[in-house]
Amino acid sequence: MYSPEHINYLKKKRRRKILIFFFQILILLSIIIVWELLAKYEIINPFISSSPSRILSTIINLYKTHNIFNHIWTTIYETIISFGLGTIIGLLIATILWWNNFIYKVIDPYLTIINSLPKVAIGPIIIIYFGANIKSIIIMALLISVIVTIITVYNGFIETDHNKINLLKSFKATKYQIFKMVILPSSYPTIISSLKINISMTLIGVIMGEFLVSKKGIGYLITYGSQVFNLNLVMSGIIILMIVSYLMYLIVSLLEKILIKKD
Amino acid sequence: MKNNNILEIHKLSKIYHTSKSEIPAIKDLDLNIKEGEFVAIVGPSGCGKTTLLSILCGLEDYSSGSIIFPKKELTMGYMLQTDTLFPWLNILDNCLLGLKVKNNINIESITKVKELLETYGLKDFIYKYPSNLSGGMKQRVALIRTLAIDPDIILLDEPFSALDYQTRLAVSDDVWKIIKKEKKTTIMITHDIAEAVSMADRVIVLTDRPSKVKCEYQINMKDKSTPMHNRNLIEFKQYYDKIWKDIDIHV
Ligand SMILES: Nc1ncnc2c1ncn2[C@@H]1O[C@H](COP(=O)(O)OP(=O)(O)O)[C@@H](O)[C@H]1O
Ligand SMILES: [Mg+2]
């Protein structure tokens, strides 16, 4: 069906893909092996740097003695709640700001100020106000993600092609129709990319919250590990966190494929 | 006074206000449009042509003057200067946009739009997306989207300016035929004198900004037919030269 040249082209492309994947795995394995060997022969201090095998046994141990899934689930749960709330609140406020330019102009400087403030700084206040519990963690995460969402999505809204808006206006469309038929659909790509940023923002907020609240969750495992100087625990926490955040990112990417399939 | 006007514009003025200055775009413009007429408006770029159309279809307010519909309130179908097909909608849904805004989607209207698409050579593209269409086809779709709401007057804002010269000739011929077949009153804006003379029944020449009507020409040609054909007539060249002098572009 295809010409030999095209088959050759496909072959080359596939070979390249395999090669890329091979090197990705190679890097991962090299890191693990080198790390393990360096620790084993005590070229680096395994007490401080931990090692892959220690991390693995720590995780297995955590799984057997403590309920590790409880910690993982706590973090995921907090992240999902904050992410969901952050997305909804962010979209809602961005919509209100688009709807009423006067409100936007009024609160614009406040948005900028809050956005540039390092949110960790108000962490202690949040804990004093809301207590050392999940509420504080969610508020922490919201603070970090919502403002960015508002700003990104709002900018997506106002960058909508003016001609498309005029076209709908020439049909005498209402503001709601304009929003639904052109502003929102043409902002899907912006919204999705803001979700992608959001998932990591939220995770940062949640982990920071868990550091401060220190009850459970992966963030708690990490702080607890560092307090008792158990670096194996700290490293295990970080590895688990890496996996969790990557999985969440994959879910948003999947959502992107479903939402923006046509062009 | 008995006449056939369906639209009368009287002493229309428009001033744009920006924080830096005020820009008079239109000043004391008078214009009457008759039923079934194809009127082309030419003028130097930036003179206020787009502004005039925006006012006619209610996108912009005007500062003073009056716009009167002697017979009945008219529906305007606006075809914008640039390609405004929605890339996330297929061709059919793009054409149904106006009806959707007006809550007029039903089996009947969908069938009508499909028929339009079929009649004008877009049958195979009904469920395709705009990215699959050539520039000329996109303009045809945009015209059908305008026709779908069955407007009394079609307003065209430099509808072919994004097309290359060859396509432009073919598409303007196409669009003209569609408009004549659907018997629509049309106001077309252009800065291309040849386009205006070949397509229109009447050509209005505007002055520099702030624009008003400088002069107008009833285009009479002995052998008048399609735009493509008209371009070869002797009178075409005469009208062209006269209007060229009227616009008097200083370089
Ligand atoms: N929204 C606006 N605000 C301020 N000035 C405008 C606006 N729209 C158009 N103008 C000005 O009005 C003049 C006429 O514009 P336009 O009607 O687009 O011209 P044309 O379509 O004939 O090229 C131009 O000088 C332009 O800069
Ligand atoms: Mg213009």
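Observations, loosely collected:
- Of everything in the range B:77-87 that is at pLDDT 90 or above and crowded, with 17+ Cβ neighbours inside 10 Å, the residue that is nearest to the other protein chains (Cβ to nearest Cβ) is B:TYR78.
- Listing of helices (runs of 4 or more DSSP H) fully contained in the range A:112-177 that carry 2 or more residues being closer than 23 Å to A:ILE192 by Cβ and more than 14 Å from every other protein chain (Cβ to nearest Cβ): A:134-158
- Any hit, the range B:96-103, residues being more than 9 Å from chain A (Cβ to nearest Cβ), of a type outside the set (Phe, Trp, Tyr) and either closer than 30 Å to A:LEU259 by Cα or touching a Leu at 6+ places or on another chain (Cβ under 6 Å) (or both): yes
Quick grid of which residues meet (1) closer than 20 Å to B:SER45 by Cβ; (2) within 16 Å of ligand 1 (Cβ to nearest atom); (3) of a type outside the set (Ser, Thr, Tyr):
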site	(1), (2), (3)
B:ILE178	no, no, yes
B:ILE187	yes, yes, yes
B:VAL203	yes, yes, yes
B:THR207	yes, yes, no
B:GLU216	yes, no, yes
B:SER225	no, no, no
B:ASN230	no, no, yes
B:ILE234	no, no, yes
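This table checks each residue for (1) polar (S, T, N, Q); (2) farther than 18 Å from B:ASP208 by Cα.
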position: B:ASN4; (1), (2): yes, yes
position: B:ILE9; (1), (2): no, yes
position: B:LEU12; (1), (2): no, no
position: B:SER19; (1), (2): yes, yes
position: B:GLU22; (1), (2): no, no
position: B:ALA25; (1), (2): no, no
position: B:ASP30; (1), (2): no, no
position: B:ILE41; (1), (2): no, no
position: B:PRO44; (1), (2): no, no
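- Note on the range B:21-33: among residues that are more than 24 Å from B:ASN220 (Cα to Cα) and buried (at least 18 other Cβ atoms within 10 Å of the Cβ), the one that is nearest to ligand 2 (Cβ to nearest atom) is B:ALA25.
- Residue that is farthest from B:ASP150 (Cα to Cα), among those in the range B:175-208 that are within 16 Å of ligand 2 (Cβ to nearest atom) and surrounded by fewer than 18 Cβ atoms within 10 Å (Cβ to Cβ): B:ASP208
- Hits in the range B:34-64 - residues which are more than 13 Å from the chain's Cα centre (by Cα), more than 11 Å from ligand 2 (Cβ to nearest atom) and closer than 20 Å to B:SER172 by Cβ: B:GLY36
- Of the numbered criteria (1) surrounded by 15 or more Cβ atoms within 10 Å (Cβ to Cβ); (2) within 14 Å of another protein chain (Cβ to nearest Cβ); (3) more than 16 Å from ligand 1 (Cβ to nearest atom); (4) over 22 Å from B:LEU116 (Cβ atoms), the one B:ILE6 fails is (2).
- Matching strands (runs of 3 or more DSSP E) fully within the range B:38-137 where at least 2 residues are within 16 Å of ligand 1 (Cβ to nearest atom): B:38-42, B:76-79
- Of the numbered criteria (1) of a type in the set (Lys, Arg); (2) touching a residue at least 40 places away in the same chain (Cβ under 8 Å); (3) over 28 Å from A:ILE207 (Cα atoms), the one A:LYS17 fails is (2).
- The set of residues from the range A:144-186 being under 20 Å from the mean Cα position of the chain (by Cα) and of a type in the set (Gly, Ala, Ser) comprises A:SER145, A:GLY156.
- A:ILE128 vs. criteria in the same structural domain as A:ILE151 (by TED's automatic domain parsing), in contact with a Gly (Cβ under 8 Å, 6 or more places away or on another chain) and of a type in the set (A, V, I, L, M, F, W, C): no
- Residue within the range A:195-209 that is without any contact (Cβ under 8 Å) to a residue 24 or more places away in the chain, away from every other protein chain (no Cβ under 14 Å) and assigned to a helix (DSSP H, G or I) present: no
- Checked against (1) surrounded by 18 or more Cβ atoms within 10 Å (Cβ to Cβ); (2) among the small types (Gly, Ala, Ser); (3) modelled with pLDDT under 90, B:SER54 passes all but a single condition, namely (3).
The values are calculated or read from the model by the stated rules, or taken from the named source; none is laboratory data. Note that the structure is a prediction, hence the values are computed from the model and not measured. Cβ atoms come from the backbone with ideal geometry, glycine included; neighbour counts cover every protein chain shown.
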